[in-house]
Amino acid sequence: MSMTTVAPPARQATPGNAAGPPRRRGPRALLHAFLIVVSLSWVFPLAWAVINSFRDYAYTTEHGYASFGGFTFANYAEAWERGNFAQGFLNSLIITVPAVVLVLLLSSCTAFVLARFNYAFNLTLLGVFLAANLLPPQALLIPIFRLYRQIPLPEWMSDSGSLLGSYWGLILINVAFQMGFCTFVLSNYMKTVPREIYESAEIDGASVWRQYWQLTLPLCRPALAALAVLQTTWVYNEFFWATVLIQDFQKLPITSSLNNLRGQFFVDYNLLSAGSVLVALPVLVVFFALQKQFVSGLTLGSTKG
């Protein structure tokens with residue numbers, strides 16, 4: 001007796017169930033158009049500044065900025081010499097590198113204590129560190145100026161004999177204002193590290209310092225890289241405290257060098273654009289060098305559900 005297998009009748013595909021629910025192309029097209037408009041509005045001023053940085057001021061004065069032509073590299077050479085950019089870059093390097101290193105080191109130590117140990121004043125301590133980010137810098141201008149003027153420093157650390165007018169004062173104020181944000185971010189990330197890892201380390205005889213240096217910091221490398229990029233950008237672009245606490249023109253950072261490109265009666269915006277491009281180059285180099293770690297640090301926990 002032979003048995004035959006009868007296949008079930010094929011289900012006819014209908015427009016409704018062949019490919020699922022129909023896609024609404026109208027809202028998606030509007031979303032794409034909106035994103036394109038926003039992207040162009042964001043990129044246009046930057047691209048316009050870069051293009052004008054290669055144009056001669058006399059040509060744009062005669063033909064207008066809407067014209068095309070008059071390209072030259074003289075603006076960059078003049079901006080470098082007139083703005084004293086060599087000294088400005090050196091000053092920014094002296095200020096930015098120690099400030100970023102101290103911010104990441106001190107904030108990671110504080111975040112490790114807040115995340116690893118349970119004290120009754122953990123939230124209070126975190127609030128104290130965040131308080132510096134909530135106060136406007138203008139409100140602390142006079143007290144900090146007077147305090148810096150009264151704190152003495154040896155001559156090899158400050159030419160003025162006090163914390164006012166020295167690199168150390170500017171480094172400390174940047175560390176104080178940036179440490180709260182970094183502590184908040186790192187403490188939240190360190191809390192995601194399983195406590196079983198620390199328990200295993202304690203069983204193996206690892207001290208608290210070894211748990212911090214050899215266990216926690218390697219696990220926090222993406223977060224530290226992301227914060228390093230942000231802190232480098234913020235400290236490097238800082239302008240307010242530099243003009244207040246640094247009184248020697250030769251010690252001003254690179255952001256203050258742009259003032260040298262402004263004339264007394266008119267402003268050469270092509271020259272100023274060239275100077276702005278030169279100022280932005282170090283930050284772009286740092287970002288592209290740490291781009292992979294920066295993106296991975298920003299997306300930490302985004303796939304946890």
Practice item. Answer yes if at least one residue in region 108-123 is surrounded by 15 or more Cβ atoms within 10 Å (Cβ to Cβ) and hydroxyl-bearing (Ser, Thr, Tyr), and no otherwise. Key: yes
Exercise for review: For region 232-247, enumerate the residues that are within 11 Å of the chain's Cα centre (by Cα), surrounded by 21 or more Cβ atoms within 10 Å (Cβ to Cβ) and within 14 Å of Ile173 (Cβ to Cβ).
Suggested key: Val235
Review point. Does Gly83 count as more than 29 Å from the chain's Cα centre (by Cα) and surrounded by 13 or more Cβ atoms within 10 Å (Cβ to Cβ)?
Key: no
Exercise for review: Report yes if some residue within region 132-148 is more than 20 Å from Thr232 (Cβ to Cβ), among the charged types (D, E, K, R) and in contact with a Phe, Trp or Tyr (Cβ under 9 Å, 6 or more places away or on another chain); otherwise report no.
Suggested key: no
Check your understanding: Of the residues Ala115, Ala86, which single one is assigned to a helix (DSSP H, G or I) and farther than 22 Å from Asn237 by Cβ?
Key -> Ala115
Check your understanding: If we scan region 172-187, do we find a residue that is farther than 24 Å from Val97 by Cα and out of contact with any His (no Cβ under 8 Å at 6 or more places or on another chain)?
Key -> no
Exercise for review: Using the structure shown, decide if Thr243 is assigned to a helix (DSSP H, G or I) and at pLDDT 90 or above.
Suggested key: no
Point to revise | The listed residue being at pLDDT 90 or above and more than 30 Å from Val193 (Cα to Cα), out of Ser92, Ser107 | key: Ser92
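If you check Asn237, Asn270, Asn259, which single one turns out to be in contact with a strand residue (DSSP E or B) (Cβ under 6 Å, 6 or more places away or on another chain) and within 30 Å of Ala86 (Cα to Cα)? Spell out the reasoning first.
Working: Asn237 fails: in contact with a strand residue (DSSP E or B) (Cβ under 6 Å, 6 or more places away or on another chain); Asn259 fails: in contact with a strand residue (DSSP E or B) (Cβ under 6 Å, 6 or more places away or on another chain).
Exactly one residue qualifies, and that residue is Asn270.
Listed here are the residues, each with its yes/no results for (1) among the acidic types (Asp, Glu); (2) surrounded by fewer than 21 Cβ atoms within 10 Å (Cβ to Cβ); (3) outside the structural domain of Phe145 (by TED's automatic domain parsing).
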| position | (1), (2), (3) |
| --- | --- |
| Ser166 | no, no, no |
| Arg195 | no, yes, no |
| Glu199 | yes, yes, no |
| Ala206 | no, yes, no |
| Gln211 | no, yes, no |
| Phe249 | no, yes, no |
Check your understanding: When you look at Ala99, is it under 18 Å from Ala226 (Cβ atoms), surrounded by 13 or more Cβ atoms within 10 Å (Cβ to Cβ) and in the same structural domain as Ala228 (by TED's automatic domain parsing), yes or no?
Key -> yes
Check your understanding: Looking only at region 145-161, which residues are surrounded by 17 or more Cβ atoms within 10 Å (Cβ to Cβ) and farther than 23 Å from Ile254 by Cα?
Key -> Leu153
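The values are calculated or read from the model by the stated rules, or taken from the named source; none is laboratory data. If you're wondering where the values come from, they're calculated on a predicted model, not measured in any experiment. A quick note on method: Cβ atoms are made from the backbone with ideal geometry, for glycine too, and the neighbour counts reach across all protein chains shown.
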